[in-house]
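What follows is one structure encoded as structure tokens, with my remarks underneath.
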Amino acid sequence: MVDRGELNRIARTEGLGPESAPEIQGPEVPRSEEVLTREALRFLGRLHEEFEERRQELLQARGGFRATLNSGRSPEYPSESRSVRESEWSVPPPPADLKDRRVEITGPTDRKMIINALNSGARVYMADFEDAHSPTWEGTVTGQANLLDAVRRTIQLTTPEGKEYRLAERTATLMVRPRGWHLDEVHVRFGGKPISASLFDFGLFAFHNAKELVGRGSGPYFYLPKLEHYLEARLWNEVFVAAEEALGIPRGSIRATVLIETLPAAFQMDEILWELREHSVGLNCGRWDYLFSFIKQYRDDPQARFPDRDRLTMTQPFLTAYSRRLIQVCHRRGAHAMGGMAAQIPIKNDPAANAEALAKVTADKEREARAGHDGTWVAHPGLVPVAREVFDRIMPSANQIHGTTPSETFPPAELLTVPSGAITELGVRRNARAAFRYLAAWLGGNGCVPIDNLMEDAATAEIARSQLWQWIHHGATLTEGAPITQALVQHHLEKERAAYLTEPGRDKEAPEAERAARILAESLARESLDEFVTLLALPREGGQV
């Protein structure tokens, strides 16, 4: 293992000036000498030097969509990019190993998950450094090391109990989701400033694996999260071009699918595909983050009181319009239109509940396949056969890109219809439970958490938190008749904290539980809705989460 002082000494070798030489602030972790090599650090330094200023400019420019809503005007499709929407063009065909994406499994980058996901029978595995990842320094660095082994097919694991995990002969195609533009990697600083977490995650994976993947007949493939404007896609394209040139791989080797998971991005789907040009390979309905973004954009509207979270299904008119528009745009441009996540997980020891959960997954996937999606997401290997059976039955070809494309138009009002419905005390309690339990686990280093038979990640926890804030600050009333107050929500949070700490083995997690409860209470009490609860929980300097 290379210690931090040695890493910092290596970083300041020839080719890294004082502004581009990183300071490593994370603790010593296994395999850092393989991941944070002198050449890899130099590559990261160049990405930071070239693109950090533009990233900051784009982050500062966010907020225009919300300002339009607050002014009483209705957001429109961008006028300056009308020619992009109205002209005929297409993205390149997908590479051979991304042509059929009927089932994609997502999950964190721990060793066992990587092996199980690649062996799951899914066509694609998305290794996640974002919503399913708690960004501890050790978890982030060892995640990169695990992917380095996975690309070379040397990854294996023997548990203390003697169980062995190895790759099957046929495995899923690997994609990687770096963290969003809004996040920093606080453990690495350049010229005293933290590097973009997006550039850190992307840069290390591309540096170590791009040539190897191209040599194996594949390529470095990515999912891009949390974009709010087509100019943010343009920045990614510039990063890709620079990386391909620096790494000596052919232009267009890098391919990316963008998650349409913010409300502003739903108005710029054509533009996002266009900006990525030869690197585009599709868009995805990131529906949980999309709901969170929708609530955030309407945070200042006291009339926008969303119903219980379990009522926010894809049958809601505004979500149906969003999904159908994504299919229309993608198929017109020759790109994959990927469906959303099934959060259910198999339920052991309860056949009736398990059958009900699987029926919900089947119905959701049938809806997606019949609507025209080219594939879908699951979060658990046990759901791969369920989703695959649906798409095999409804979509016998590799995809539906060249099938019938919806010809309808989508006026902005269809995408902006605020849902209505009941708000119940059960809904309040479930949101308090999901937000608290997820954040406590995240602070403890786990970013993908089963809660009440659903696989929860940061997106669903953020929906729960933002709904609680909205109900408190906009004077929502329960169907049972009582007003939703700070005291009511705090009561449920306290009950969840107490119950959590009485569970076997939780005594060691008391610090994380107490911190999670405090962060949520403070966030819910503020007059303005915090953008991301994970930003509140991240350390300001180096160290663990």
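The values are calculated or read from the model by the stated rules, or taken from the named source; none is laboratory data. What you are looking at is a predicted structure, and each value in this text was computed from that prediction instead of being measured. Here Cβ is always computed from backbone atoms with ideal geometry, including for glycine, and neighbour counts include all displayed protein chains. Note: areas computed on protein heavy atoms with side chains; ligands, DNA, RNA excluded. Shrake-Rupley method; radii C 1.70, N 1.55, O 1.52, S 1.80 Å.
Below are the figures for this structure:
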| item | result |
| --- | --- |
| Selection from region 484-500 of residues that are open to solvent by 50 Å² or more (accessible area, probe 1.4 Å) and assigned to a helix (DSSP H, G or I) | Gln486, Ala487, Gln490, His491, Glu494, Lys495 |
| Residue that is within 24 Å of Ile260 (Cα to Cα) and without any contact (Cβ under 8 Å) to a residue 60 or more places away in the chain, where the choices are Leu224, Leu199 | Leu224 |
| Search result, residues across region 194-215 that are open to solvent by 10 Å² or more (accessible area, probe 1.4 Å) and touching a helix residue (DSSP H, G or I) at 6+ places or on another chain (Cβ under 8 Å) | Phe207, His208, Lys211, Glu212, Leu213 |
| Count of residues meeting criterion [aliphatic (A, V, I, L, M), assigned to a helix (DSSP H, G or I) and touching a Gly at 6+ places or on another chain (Cβ under 8 Å)] in region 321-368 | 1 |
| Qualifying residues in region 442-477 (those that are open to solvent by 20 Å² or more (accessible area, probe 1.4 Å) and touching a Lys or Arg at 6+ places or on another chain (Cβ under 8 Å)) - the one modelled with the lowest pLDDT | Asp452 |
| Pairs where the first residue, in region 353-373, is open to solvent by 60 Å² or more (accessible area, probe 1.4 Å) and the second is at pLDDT below 95 and not hydrophobic (A, V, I, L, M, F, W, C), C-beta under 9 Å, 6+ apart | Lys360/Gln344; Arg367/Thr315 |
| Qualifying residue in region 80-90 (condition: touching a residue at least 24 places away in the same chain (Cβ under 8 Å), open to solvent by 80 Å² or more (accessible area, probe 1.4 Å), closer than 30 Å to Asp301 by Cβ and not β-branched (Val, Ile, Thr)) | no |
| Matching residues in region 465-524 - criterion: being touching a Ser or Thr at 6+ places or on another chain (Cβ under 8 Å) and closer than 23 Å to Arg299 by Cβ | Arg465, Trp469, Ile472, Leu478, Thr479, Pro483, Ile484 |
| Qualifying residue in region 245-256 (condition: over 30 Å from Phe318 (Cβ atoms), β-branched (Val, Ile, Thr), in contact (Cβ under 8 Å) with a residue 60 or more places away in the chain and surrounded by fewer than 24 Cβ atoms within 10 Å (Cβ to Cβ)) | no |
| Region 257-295: number of residues that are open to solvent by 20 Å² or more (accessible area, probe 1.4 Å) and aromatic (Phe, Trp, Tyr) | 2 |
| Selected residue (only one of Leu319, Leu312 is in contact with a helix residue (DSSP H, G or I) (Cβ under 7 Å, 6 or more places away or on another chain), touching a residue at least 40 places away in the same chain (Cβ under 8 Å) and either surrounded by fewer than 21 Cβ atoms within 10 Å (Cβ to Cβ) or not polar (S, T, N, Q) (or both)) | Leu312 |
| Given (1) modelled with pLDDT under 95; (2) open to solvent by less than 60 Å² (accessible area, probe 1.4 Å); (3) within 19 Å of Thr315 (Cα to Cα), index of the condition Val390 fails | (1) |
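Okay, residues lined up against (1) under 20 Å from Arg287 (Cα atoms); (2) touching a Leu at 6+ places or on another chain (Cβ under 8 Å); (3) acidic (Asp, Glu):
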residue	(1), (2), (3)
Gly375	yes, no, no
Val378	yes, no, no
Ser407	no, no, no
Val428	no, yes, no
